[in-house]
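Colleague: Handing you this structure, nothing more for now.
What follows draws every value from the coordinates through simple rules; no lab data is involved. This one's a predicted model, so the numbers in the text were calculated from it and none came from an experiment. Virtual Cβ from ideal backbone geometry, glycine too; neighbours counted across all protein chains shown.
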Amino acid sequence: MKLILLGPPGAGKGTQAKFLQEKFHLAHLSTGEMLRALVASGSELGKKAQEIMSNGQLVSDDIMVDMIRDRIKQDDCKNGFILDGFPRTIAQAEALDEMLESEGKRLDHVIEIRVNDEEMVNRVAGRYACDKCGEGYHDQYKQPKVSGVCDVCGSKEFTRRKDDQPETVKRRLESYHAQTAPLLPYYKKSGVLKGVDGMADISDVTQQINSIVSH
């Protein structure tokens with residue numbers, strides 16, 4: 001099973017990918033983590049990517065696709081994979097399709113986690129985490145059982161990510177929509193696009209996705 005999850009930052013892609021990973025024994029391929037692992041590997045491709053990134057440039061689509069090609073040949077991808085963070089553009093989607101076809105594979109489903117932008121700003125801007133163990137909390141949805149004390153490790157130090165500020169979240173949403181909007185008709189045309197209500201409870205979103213991938 002080969003899947004792509006589409007959705008803006010904070011839509012729950014990582015959470016749903018984890019559920020899919022456990023239920024169907026798939027590999028969760030986050031392009032950010034893959035790039036870091038590629039650079040750490042010291043391979044020729046990794047050195048090339050490191051040089052580009054250290055110059056403050058974006059890694060080319062060719063390198064990204066080659067990285068994914070190498071990654072999906074590893075043992076943990078034998079049952080399939082979930083791509084998170086790629087593709088972001090039509091050119092990347094076309095390059096990915098060509099690469100998969102050359103490997104005798106194709107995408108089974110592209111799942112769009114649809115969200116309400118205004119509610120997403122509230123959802124993401126309310127997030128904070130324990131500074132010591134990383135346990136996540138939220139002003140509205142999940143506060144510590146004892147105010148100001150982490151449930152997991154008892155620390156009283158918490159932090160908020162700078163990119164979770166409301167204005168930053170709005171800019172990220174605008175950027176996501178500008179980049180990703182063209183992908184929707186592209187995948188709809190090929191018959192693999194499905195949408196789920198990302199504003200529903202986490203368990204409901206999981207059920208919607210399971211219903212799609214189980215058919």
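Colleague: Show the residue pairs that are 6+ apart or on different chains and have beta-carbon atoms under 9 Å apart, the first residue being within the stretch 1-27 and over 16 Å from Ala200 (Cα atoms), the second being assigned to a loop (DSSP other than H, G, I, E, B) and of a type in the set (Val, Ile, Thr).
Modeller: Partner pairs satisfying both residue conditions: Lys2/Ile72; Ile4/Val192; Ala27/Ile72.
Colleague: Here is a list: Ala129, Ala91. Which entry is part of a strand (DSSP E or B) and within 20 Å of the chain's Cα centre (by Cα)?
Modeller: It is Ala129.
Colleague: Still on this model: Can you tell me which residues in the stretch 1-59 are of a type in the set (Gly, Ala, Ser), under 14 Å from the mean Cα position of the chain (by Cα) and assigned to a helix (DSSP H, G or I)? Don't jump to the end; show me each part of the working.
Modeller: First pass over the stretch 1-59, keeping only residues of a type in the set (Gly, Ala, Ser): 7, 10-12, 14, 17, 27, 30, 32, 37, 40-43, 46, 49, 54, 56.
Now drop any that are not under 14 Å from the mean Cα position of the chain (by Cα), which leaves 7, 10-12, 14, 17, 27, 30, 32.
Scanning the stretch 1-59 gives Gly14, Ala17, Gly32.
Colleague: Kindly provide the set of residues from the stretch 166-209 that are over 17 Å from the mean Cα position of the chain (by Cα), surrounded by fewer than 17 Cβ atoms within 10 Å (Cβ to Cβ) and among the polar types (S, T, N, Q), ordered by number.
Modeller: Thr168, Ser190, Ser203, Gln207
Colleague: A further question follows. Quick one: in the stretch 13-22, which of the residues that are surrounded by fewer than 21 Cβ atoms within 10 Å (Cβ to Cβ) and either aliphatic (A, V, I, L, M) or touching a helix residue (DSSP H, G or I) at 6+ places or on another chain (Cβ under 7 Å) (or both) is nearest to Val115 (Cα to Cα)?
Modeller: Thr15
Colleague: Now for a different question. Quick check, is Asp76 under 19 Å from the mean Cα position of the chain (by Cα), farther than 22 Å from Ser211 by Cβ and not aliphatic (A, V, I, L, M)? Give the derivation first.
Modeller: Values: under 19 Å from the mean Cα position of the chain (by Cα): yes; farther than 22 Å from Ser211 by Cβ: yes; not aliphatic (A, V, I, L, M): yes.
When the stated conditions are applied, Asp76 passes them.
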